[in-house]
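Asker: One structure is given below, represented as structure tokens, and several questions about it will come after.
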Amino acid sequence: MMEFDPCVQYLQQARQRHLANLCRYLEFPSVSSLAVHASDLEACAQHTADLLRDASLDDVIIHRHAGPPIVTASWRQAGVDKPTVLIYGHYDVQPVDPLELWHHPPFEPHVANDRVYARGATDDKGQILMHIHAAEAILKTNGTLPVNVIFLIEGEEEIGSPHLDAFLQANQELLRADLAIISDSSMWGEGMPAITTSLRGLVRLEMTLTGPQCDLHSGSFGGAIANPLEILARLLAAVKSPEGRIQIPGFYDGVQECPDAMRAELLALPFAPESFLSGVGVTESWCETGYSILESIWHRPTFEINGMWGGFIGPGSKTVLPSKAHAKVSMRLVPEQSPDDIVEKTMAFLRSLAPPTVQLEIHRPKGGSPGIRFADNLPSFQAAKRALSESFQHPTYLVGEGGTIPIVAKMKELFGIDTLLLGFGLADSRPHSPNENQHLPTFFTGTEGLVRLLHYLSE
């Protein structure tokens, strides 16, 4: 373990400076979904490049294209006999609404209770900065990295990375690697590291039902003209059975049941359903019959209504029969499902149920990704388990993730490489919510773990 001592000492001595780095990074209101923040995204990309240069990385480039800038950097002096690791992250953040629920301004980082509170603290500025600090520590103490490293940090992940595919396609030689690492997820708990071995995919649809040409008086026309909101509610309610099974024909084609060994692994995790439910303010789960909570959120596909509106929704009363009704839905997919196939089957199902009294329009927004699953015995996973377990002095769990990181499937497709998903968020880090935060002991200890990881990947 002596080889890590200089790097660990460096990181311990640099903690105040690294905390200042984090706070400064979090001051940029780099909200990719709002056009008013275009200049902030540009400034944040510039600052990201400065952080990479300060860490002694080479070939720092700000790539300007149709979207916010993409920043790359590399260090390739470890030799051709050493692996090349591609480290991905993003500097853009979610909007801050509702602003009134923040305890402090979201772009004025506030340090309290061993945490930094600000938008982007965990998702994903804090986590990508840990990788930059790990590379810095090794380069400043050893003068060389044990593996070749490429950084890829983009600015539109929070809006689905609409321009990233084209960038990856056009820069395959620049980005070619043997392994990818992403830290944009969570640990199992405080002091309990985890590696994510599966992600669900995602596909989204938007729909509009149109009935009469304008809103109508519900007294004069109600009972004679179809109400688009009622028809929409009927269509969406028909998607699931009372047991939670999705009724779209062919939706489960090819979907595999969890093997007994995987179910045993889920049962062995220190998971407390009561705490999980109380943490979000509910008392009972709503799972597909026959499946546990963890199995449901990690290894089963879903259909969710994300938004539904129409007619009059202001204060007071306005008795109208609305002209239009709208909904946004999303489906989380498992690796055996094709996003394109699921979209076709879902559209066909909804259209088959729509009566001739309304017109149904369905639109598929850009983006989406298939699910992906990695074998948990890969050498890189074993290196990560060793590195994290040593740093946190706690066994590393192998877990699933119900969310989606589209670049993981894309890198498998383009480069044929696996991805290590090492998250350092906690259950109360509140990404996408008011009072997002980064737990500082995790931030510092996790960075030490990443130092160990780069060494172990070279063996």
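Asker: From the convex hull of the Cα coordinates of region 237-314, what is the mean projected area in square nanometres? Please list the in-between numbers first.
Answerer: On the way: hull surface 30.4 nm².
If you wrap the Cα atoms of region 237-314 in a convex hull and average its projections, you get 7.6 nm².
Asker: May I pose another question? Tell me the net charge near residue 175. Cut-off is 14 Å between Cβ atoms, residue 175 excluded, with +1 for each Lys or Arg and -1 for each Asp or Glu.
Answerer: -2
Asker: Now, a different point. About the Cα centre of the chain, how large is the charge dipole given +1 on each Lys and Arg Cβ and -1 on each Asp and Glu Cβ? Please answer in debye to the nearest 20. Walk me through the numbers before you get to the answer.
Answerer: Working: 34 positive and 54 negative charges, 120 e Å.
It comes to approximately 580 debye.
Asker: May I pose another question? Per residue of region 331-337, in order, report the coupling 6.51 cos²θ - 1.76 cosθ + 1.60 (Karplus, θ = phi - 60°) as ³J(HN,Hα) in whole Hz, putting x for Gly and Pro.
Answerer: Each residue of region 331-337 in turn: 10, 8, 10, 9, x, 6, 9 Hz.
Asker: Distance from a point 7 Å along Cα→Cβ of residue 363 to each backbone N in region 308-333: keep the residues under 19 Å and list them by number.
Answerer: Inside the label zone: 308-311, 323-331.
Asker: Shifting gears a bit: Taking the alpha-carbon distance from residue 324 and a cut-off under 29 Å, which lysines remain once sequence neighbours fewer than 8 residues away in the same chain are dropped?
Answerer: 240, 345, 366
Asker: I need the GluC sites (Glu not before Pro) found in region 246-287, filtered to DSSP loop residues with at most 16 other beta carbons within 10 Å of theirs. All intermediate terms of the calculation are to be shown ahead of the outcome.
Answerer: Working: sites: 257, 265, 274, 284; in loops: 257, 284.
Filter output for region 246-287: 257, 284.
Asker: When the helix-only estimate is applied to the chain (DSSP H runs of n ≥ 4, each -39,500 (n - 2.57), divided by the residue count), what is the mean residue ellipticity at 222 nm, nearest 500 deg cm²/dmol? Before the final figure, lay out the partial values.
Answerer: Numbers: 15 runs with 160 residues, N = 459.
Helix-only estimate at 222 nm: -10500 deg cm²/dmol.
Asker: Near residue 318, which lysines are there with a Cα under 26 Å away, not counting those fewer than 8 places off in the same chain?
Answerer: 328
Asker: Let me ask something else. Local charge sum around residue 421 (other residues, Cβ-Cβ under 15 Å, Lys/Arg +1, Asp/Glu -1)? Walk me through the numbers before you get to the answer.
Answerer: Working: positive: 200, 373, 385, 410, 412; negative: 123, 124, 157, 184, 376, 401, 418.
Summing Lys/Arg as +1 and Asp/Glu as -1 gives -2.
Asker: Same structure, new question: Residue by residue through region 342-359, what is 3J(HN,Hα) from phi via Karplus (6.51 cos²θ - 1.76 cosθ + 1.60, θ = phi - 60°)? Round to whole Hz and write x for glycine and proline.
Answerer: For region 342-359, the Karplus-derived couplings read 5, 4, 4, 5, 5, 4, 4, 5, 5, 5, 5, 9, 6, x, x, 6, 9, 9 Hz, x marking Gly and Pro.
Asker: Can you find, among 395, 139, 309, the residue sitting farthest towards the positive end of the charge dipole of the chain, where Lys and Arg contribute +1 and Asp and Glu -1 at Cβ?
Answerer: Value: 309.
Asker: Still on this model: Go through 381, 110, 65 and say which Cα lies farthest out towards the positive end of the charge dipole of the chain; charges sit on Cβ, +1 for Lys and Arg, -1 for Asp and Glu.
Answerer: 65
Asker: Where Lys and Arg each count +1 and Asp and Glu each count -1, what net charge lies around residue 60 among other residues with Cβ under 11 Å from its Cβ?
Answerer: Values: positive: 53; negative: 50, 54, 58, 59.
Charge balance near residue 60 sits at -3.
Asker: Here is a follow-up. Using the Karplus equation 6.51 cos²θ - 1.76 cosθ + 1.60 (θ = phi - 60°), what ³J(HN,Hα) coupling, rounded to whole Hz, does each residue of region 303-320 give in order, writing x for Gly and Pro?
Answerer: The phi angles translate into 9, 10, 8, 8, x, 7, 7, x, x, 9, 10, x, x, x, 10, 8, 7, 10 Hz.
Asker: Can you give me the long-range amide H partners of residue 420? Hydrogens built in the peptide plane at 1.01 Å from N, cutoff under 5 Å, separation of 5 or more residues or another chain.
Answerer: Placed amide hydrogens put 180, 181, 182 under 5 Å from residue 420.
Asker: Taking H as built 1.01 Å from N, whose amide H comes closer than 5 Å to the amide H of residue 240, not counting residues under 5 places away?
Answerer: 247
Asker: Here is a follow-up. Just to be sure I understand: if I project the alpha-carbon convex hull of the chain onto a plane and average over all orientations, what area do I get in nm²? Intermediate results must be reported in sequence, preceding the final value.
Answerer: On the way: hull surface 94.8 nm².
Projected area, direction-averaged: 23.7 nm².
Asker: Whole Å is fine, so just give me how far the alpha carbon centre of region 12-72 lies from that of region 225-278.
Answerer: So the two Cα centres are separated by 39 Å.
Asker: What is the set of long-range amide H partners of residue 151 at a cut-off below 5 Å, with H atoms built 1.01 Å from backbone N?
Answerer: Counting only residues 5 or more places away or on other chains, the set is 73, 74, 87.
Asker: Hey, another quick one. Report the trypsin sites (Lys or Arg not before Pro) located in region 113-186 that are in a DSSP loop and have at most 15 other Cβ atoms inside 10 Å of their Cβ, or state none.
Answerer: Working: sites: 115, 119, 125, 140, 176; in loops: 119, 176.
Taking region 113-186 and a limit of 15 other Cβ atoms within 10 Å, the loop trypsin sites (Lys or Arg not before Pro) found are 176.
Asker: Then there is this: If you line up the long axis of helix 406-415 against the longest principal axis of the chain, both from Cα atoms, how many degrees apart are they, to the nearest 10?
Answerer: It is inclined by approximately 60 degrees.
Asker: Continuing with this model, one more query. Under a crude label model (7 Å from the Cα following the beta-carbon direction), how far is residue 308 from residue 173 in nanometres?
Answerer: It works out to 5.4 nm between the two label points.
Asker: Also, quick follow-up: Nearest 5 is fine: what % of DSSP beta bridges in the chain come out antiparallel, could you say?
Answerer: Details: 45 of 67 bridges.
Restricted to the chain, the bridges split so that about 65 percent are antiparallel.
Read-outs: derived from the displayed coordinates by stated rules, not from any lab. These figures come from a predicted structure and were not determined experimentally. With ideal geometry, Cβ positions are generated from the backbone for all residues, glycine too; neighbour counts draw on all protein chains shown.
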